[in-house]
1. Quick one: how many residues across the range 172-192 are under 14 Å from E50 (Cα atoms) and of a type in the set (A, V, I, L, M, F, W, C)?
2. Quickly run through the range 109-134 and pick out the residues that are in a strand (DSSP E or B), out of contact with any helix residue (DSSP H, G or I) (no Cβ under 6 Å at 6 or more places or on another chain) and either crowded, with 16+ Cβ neighbours inside 10 Å or basic (K, R) (or both).
3. Of everything in the range 166-195, what is of a type outside the set (D, E, K, R), surrounded by fewer than 16 Cβ atoms within 10 Å (Cβ to Cβ) and part of a loop (DSSP other than H, G, I, E, B)? Give them in sequence order.
4. Between a residue in the range 177-193 that is closer than 25 Å to G156 by Cβ and any residue that is at pLDDT 85 or above and part of a loop (DSSP other than H, G, I, E, B), which pairs come within a Cβ distance under 7 Å, given they are 6 or more apart or on different chains?
5. Tell me, which residue of the range 135-158 that is out of contact with any Asp or Glu (no Cβ under 8 Å at 6 or more places or on another chain) and in a strand (DSSP E or B) is surrounded by the fewest Cβ atoms within 10 Å (Cβ to Cβ)?
6. Are there any pairs with C-beta distances below 6 angstrom linking a residue in the range 152-165 that is under 13 Å from L111 (Cα atoms) and of a type outside the set (S, T, Y) to a residue that is at pLDDT 90 or above and not in a helix (DSSP H, G or I), with the two at least 6 apart or on different chains, and if so which?
Amino acid sequence: MTEVVHRILRFSLLVVAFSLPASAQKPANPAAWGTNHAGQQVPEYVHGDECLFCHRFNIGPGWQKNAHALTVRQAEDAPELTAIVASQPALGAVSAQIDYFLGSRHRVRFLHKEGYGKFELLNTQAILGPDHKAQSWVNPEKAAWSKAQFANRCAGCHSTGVDPQTRQFSAFGLDCYTCHGVVSLEHTKDTSVIWLSKKHAPNTLAVTSICAQCHL
């Protein structure tokens, strides 16, 4: 079973718990959360663009700089990463095909869009130094694209709404849904029903499981 399927399974365990109002929640029992979602359709969810209709002033201005939104970055928005590619002559043959970047703190991977919800991943990596410039490289002389690696190993933590059948994602980067769960439009009357909201009852195990989808 591939890594992305494991991540989808872990994620699916949270979906049912996310949708419960605070008043209906029982004492945390992670073993009983949700069901096996593998092979089923991705749950419907409120897309981040809809969230920003109301949260455009308090969340919108800073979200594009948030690390969760930047798990994948477009080349046109990351001139410092484009410069890293230009600094490696061995990538000359593929540099024009690189239009997205994966990571930006310690390592940088290189992506090429291949149809709806699909990325090809270059086997070359740039390892960054304290100055955020390439300190060393992995496979610069034998750069080759992989059509399956992002879908099988990366999509679960670097994109939103991964279809377990096709491995296609609905959005690159992490949408509001990834951490806040399935949010009913009725939350405008009671924000305590939203996971990780200021009014939601604290639940250390649940919060850990939300973050641990990707951070463990």
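The values are calculated or read from the model by the stated rules, or taken from the named source; none is laboratory data. Because the structure is predicted, anything quoted here is derived from the model rather than measured. Glycine also receives a Cβ, built like all others from the backbone with ideal geometry; neighbour counts cover every protein chain displayed.
1. Count: 4.
2. Step one: filter the range 109-134 for residues in a strand (DSSP E or B), giving 109-113, 119-128, 134.
Checking the rest, the ones that are also out of contact with any helix residue (DSSP H, G or I) (no Cβ under 6 Å at 6 or more places or on another chain) come to 109-111, 113, 120, 122-125, 127-128.
Of everything in the range 109-134, those that are in a strand (DSSP E or B), out of contact with any helix residue (DSSP H, G or I) (no Cβ under 6 Å at 6 or more places or on another chain) and either crowded, with 16+ Cβ neighbours inside 10 Å or basic (K, R) (or both) turn out to be R109, F110, L111, K113, E120, L122, T124, Q125, L128.
3. T166, S184
4. What qualifies is C179/L196; H180/I194; H180/W195; H180/L196; G181/W195; V183/I194.
5. As a first pass, look at the range 135-158 and keep what is out of contact with any Asp or Glu (no Cβ under 8 Å at 6 or more places or on another chain): 135-144, 148-149, 151, 154-155, 157-158.
The next check asks that each one be in a strand (DSSP E or B); those that pass are 135-138.
Numbers: Q135: 12, S136: 10, W137: 17, V138: 12.
Across the range 135-158, the extreme among qualifying residues is S136.
6. Going by the 6 Å Cβ cut-off, the qualifying pairs are A155/V162; A155/F169; H158/T71; H158/V72.
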